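The structure under discussion appears below in the form of structure tokens.
The values are calculated or read from the model by the stated rules, or taken from the named source; none is laboratory data. None of these values were measured; they are calculated from a predicted model. Every residue, glycine among them, receives a Cβ derived from its backbone with ideal geometry; neighbour counts consider all protein chains shown.
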2 protein chains.
Amino acid sequence: MQNVEEYFKGVLNFSDEDFKFLASKMKRVEFSKKSEITKIGRVERYLSFLEEGVVRLYIPKEENDLTFAFVFKNSFVSAYDSFLKQSPSEYSLASITKCVMYRMEYDDVQEIFNSTSIGNRIGRLATEELFLKKAKRELDLLNKNAEERYLSLFTERPELIKEIPLKFIASYIGITPQALSRIRKRII
Amino acid sequence: MQNVEEYFKGVLNFSDEDFKFLASKMKRVEFSKKSEITKIGRVERYLSFLEEGVVRLYIPKEENDLTFAFVFKNSFVSAYDSFLKQSPSEYSLASITKCVMYRMEYDDVQEIFNSTSIGNRIGRLATEELFLKKAKRELDLLNKNAEERYLSLFTERPELIKEIPLKFIASYIGITPQALSRIRKRII
């Protein structure tokens, strides 16, 4: 769990001891590519840290799923609104590539929240990260056109975007795969 | 600050002592209606608790502002992404009605975060609340049509929605004021 350790100690400033406590609550899990991680209609049980891989969040549709978010490595991943409210999730999570994550169960997270100060700190920082993503996404949807949204995703994650099938990117940007192909041709 | 006290003690479970400490960092401010609270391009300095009134978040436009969120009383209000990153805000905040809020300065919030456990608790809970709103809004935009979005806002806040000018509600829902008038006639 090298990335996890680097992230919590480096980015989040956790001490050795704090990290050891946290790590004792985390369980390593692997998903092969295209695996279901959280199913729509179920309650999200985990707050996870994604060490390796790419995950998509989507509303399953008969024709084409509505993919509305991607999560890349070294981030928290969860159907976090379902997790916080412990109510059924309105969307699904699935791996795009092979994924490695460290996950914490809801009850453990609550215990950490209620009995430690680092718990609230990790809770605050995880929530801030997820909030900032949502806020950025909202402004992107309101203020940018499809080409600008594609370029923004492409600029942030030039290597990783190659691993994501075109149809998911098109859905995320809010256009058809054909329209996305035309944008890509124009740019390259 | 009765509502503030009820919210923090009742909803957030703060003790008398914790609340007293927090209250010492909060400053009461009033805004008359249609006042600018945070200006686009400026860094958000405050995390506030709205005790009375309605606030809108918007991107100023030459013709019609793009109003994308409302905040009602007994909630946190802030250009929170700008506040967290201490970078210029991409949108403005303004009062719709007369507003009373209790606000905390960035440096005080950081001090509370770094030196107390209730600080991280309030930070986590404030962020969770703001996150859940964004998540709900995103799913509403993806999954509901204009009429459903209007009904959802109307059902949540039947009394308060009367205080919001039609043009702001139309912008929030993503339609013209004329189209909104037609929806309202159909419903009533």
- Criterion (surrounded by 15 or more Cβ atoms within 10 Å (Cβ to Cβ), at pLDDT below 90 and out of contact with any strand residue (DSSP E or B) (no Cβ under 9 Å at 6 or more places or on another chain)) met by exactly one of B:ARG121, B:ARG186: B:ARG121
- Of the criteria (1) out of contact with any Ser or Thr (no Cβ under 9 Å at 6 or more places or on another chain); (2) outside the structural domain of A:ILE175 (by TED's automatic domain parsing); (3) not in a strand (DSSP E or B), which one A:ALA69 fails: (3)
- Within the range A:133-166, residues of a type in the set (Ser, Thr, Tyr) and either more than 14 Å from every other protein chain (Cβ to nearest Cβ) or more than 25 Å from A:TYR80 (Cβ to Cβ) (or both) come out as A:TYR150, A:THR155
- Task: State yes or no: is A:LEU139 free of Cβ contacts under 8 Å to residues at least 12 places away in the same chain and within 27 Å of A:THR176 (Cβ to Cβ)?
- Result: yes
- Query: Of all residues in the range A:136-146, which are over 14 Å from the mean Cα position of the chain (by Cα) and either aliphatic (A, V, I, L, M) or closer than 13 Å to B:LEU141 by Cβ (or both)?
  - Reply: A:GLU138, A:LEU139, A:ASP140, A:LEU141, A:LEU142, A:ALA146
- May I ask you to list the residues in the range B:72-119 that are among the aliphatic types (A, V, I, L, M) and either at positive phi or not in a strand (DSSP E or B) (or both)? B:ALA79, B:LEU84, B:ILE96, B:VAL109, B:ILE112, B:ILE118
- Would you call A:SER115 hydroxyl-bearing (Ser, Thr, Tyr), in the same structural domain as A:THR38 (by TED's automatic domain parsing) and more than 17 Å from the chain's Cα centre (by Cα)? yes
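Which residues, taken from the range A:1-52, are among the basic types (Lys, Arg), free of Cβ contacts under 8 Å to residues at least 24 places away in the same chain and surrounded by 12 or more Cβ atoms within 10 Å (Cβ to Cβ)? So that I can check it myself, show each step before the final result.
At the first step, the residues of the range A:1-52 found to be among the basic types (Lys, Arg) are A:9, A:20, A:25, A:27-28, A:33-34, A:39, A:42, A:45.
Narrowing the set further to residues that are free of Cβ contacts under 8 Å to residues at least 24 places away in the same chain leaves A:9, A:20.
Result: A:LYS9, single match.
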- Of all the residues that make up the range A:81-101, how many are buried (at least 20 other Cβ atoms within 10 Å of the Cβ) and either outside the structural domain of A:LYS39 (by TED's automatic domain parsing) or closer than 19 Å to A:VAL4 by Cα (or both)? 3
- Kindly indicate the residue of the range A:1-53 that is over 20 Å from A:ILE112 (Cα atoms) and touching an Asp or Glu at 6+ places or on another chain (Cβ under 6 Å) and also modelled with the lowest pLDDT among those meeting that condition. A:ASN3
- Got at least one residue in the range A:49-66 being touching a strand residue (DSSP E or B) at 6+ places or on another chain (Cβ under 9 Å) and over 28 Å from A:PRO177 (Cα atoms)? yes
